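*Asks:* Could you have a look at this structure, given as C-alpha cells, before my questions?
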Amino acid sequence: ESGAPAALSEGLVGLAGAYDGVIVPPPLSDYPHVREFLFEQDMPAVYLSGFIGRGRSRRVSVDDFAAAQEMTSYLIGLRHTRVGFIKGNPNQFATKERLRGYRSALAAHSVSYDAKLVAPGAFTYESGLKAARKLLSGDPPTASFASNDDMAAAALAVASSRGLKVPRDISIAGFDDSPLASAVFPRLTTVRQPLDAMAAHAVSALIDLIRRPGEGAAEEVRSLEIPYEMVLGESVAASRQV
C-alpha cells in the first residue's frame, strides 16, 4: 500500500466535479486522506466501513465487534477454551473491531487471553497461510477464528497439509460468508455480511445526501448498522478435549 496515497490523490482529484457523490468501500474507507479530501470537497460520501465521516457523509456497516464477539462465544460454548484468532489488515477499522470482539468474548467467559494464539494477517489467502502455520505449530488451538473467509480457507489448507481433520481435530470459522465459504470443504461456519442490503442502503443514503445538500444529520442517523447473520457450516464442532 506504499504507493496508494499518491495514486489515490490523482484519482480523487478526478472525482471532484465529475460525480455528485461516492460510495467508498474498504480499504479506501479507512484511508484518512480519502476521507479528508471528500470532506474538503464537500462531496456526499457513504462509507461501507470505518468511523463516521465528517461533513456530508453516512456510514453503512455491520457491527464487526458484536459479530466477532458472538462467533467467539459460540466456539467457547462448544468447549473450545483455546481459540486462535487470525487478524486482518492492521490499517483497517474492521480488523480492530473484530479483534476487540474476540477479546471481549474471552473475557466474558473467563478465558485468559493468550497472545500466542493470535496471528497477524492481511485479509489475503497468502497471509492466512502464514498465520495458520504459526498457530498450528507447537501447541495448536482446538479452534481458529479468521477475520475473513479467505484466511479461514487458508487455515483449512494448512490443517489438511498437517494431517488434521476439520472439524474433528480443529474447528475453523471465518467472516463474510463470501462465495469461497461454500466452495471449500468442509463448508465454513462464518459470519454473513449482507452485501446486497448494505449496497442498497448505501445507494439510498447517497441519493438522500445529494438531494438534500444543506441538511446535516445527528450522529445516530448518520450511521446505519445492517444485521449480520451467523452461518453454521460443517467446519466447526464441539471440542473433543476434556
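*Asks:* If we scan the stretch 146-158, do we find a residue that is open to solvent by 10 Å² or more (accessible area, probe 1.4 Å), at pLDDT 95 or above and β-branched (Val, Ile, Thr)?
*Replies:* no
*Asks:* Hey, another quick one. Looking at (1) surrounded by fewer than 17 Cβ atoms within 10 Å (Cβ to Cβ); (2) at pLDDT below 95, find the lone condition where Pro140 falls short.
*Replies:* Among (1) surrounded by fewer than 17 Cβ atoms within 10 Å (Cβ to Cβ); (2) at pLDDT below 95, Pro140 violates only (1).
*Asks:* (1) closer than 23 Å to Asp64 by Cα; (2) surrounded by fewer than 24 Cβ atoms within 10 Å (Cβ to Cβ): which one isn't true of Ala131, the others all being true?
*Replies:* It is condition (2) that Ala131 fails.
*Asks:* Considering only the stretch 92-106, state which residues are over 24 Å from Ala199 (Cβ atoms) and open to solvent by 70 Å² or more (accessible area, probe 1.4 Å).
*Replies:* Arg100, Arg103
*Asks:* Of everything in the stretch 91-115, what is more than 11 Å from the chain's Cα centre (by Cα), more than 9 Å from Gln69 (Cα to Cα) and free of Cβ contacts under 8 Å to residues at least 60 places away in the same chain? Give them in sequence order.
*Replies:* Across the stretch 91-115, the qualifying residues are Ala107, Ala108, His109, Ser110, Val111, Ser112, Tyr113, Asp114, Ala115.
*Asks:* Continuing with the same structure: Of all residues being over 19 Å from Leu117 (Cα atoms) and modelled with pLDDT of 95 or more in the stretch 66-91, which is most open to solvent (accessible area, probe 1.4 Å)? Just the residue, please.
*Replies:* The residue in question is Ala66.
The values are calculated or read from the model by the stated rules, or taken from the named source; none is laboratory data. Everything numeric here is computed off the predicted structure, so don't read it as measured data. In this analysis, Cβ positions are derived from the backbone assuming ideal geometry, glycine residues included, and neighbour counts consider all displayed protein chains. Note: accessible area is taken over every heavy atom of the protein model, side chains too, but ligands, DNA and RNA are not part of it. Shrake-Rupley method; radii C 1.70, N 1.55, O 1.52, S 1.80 Å.
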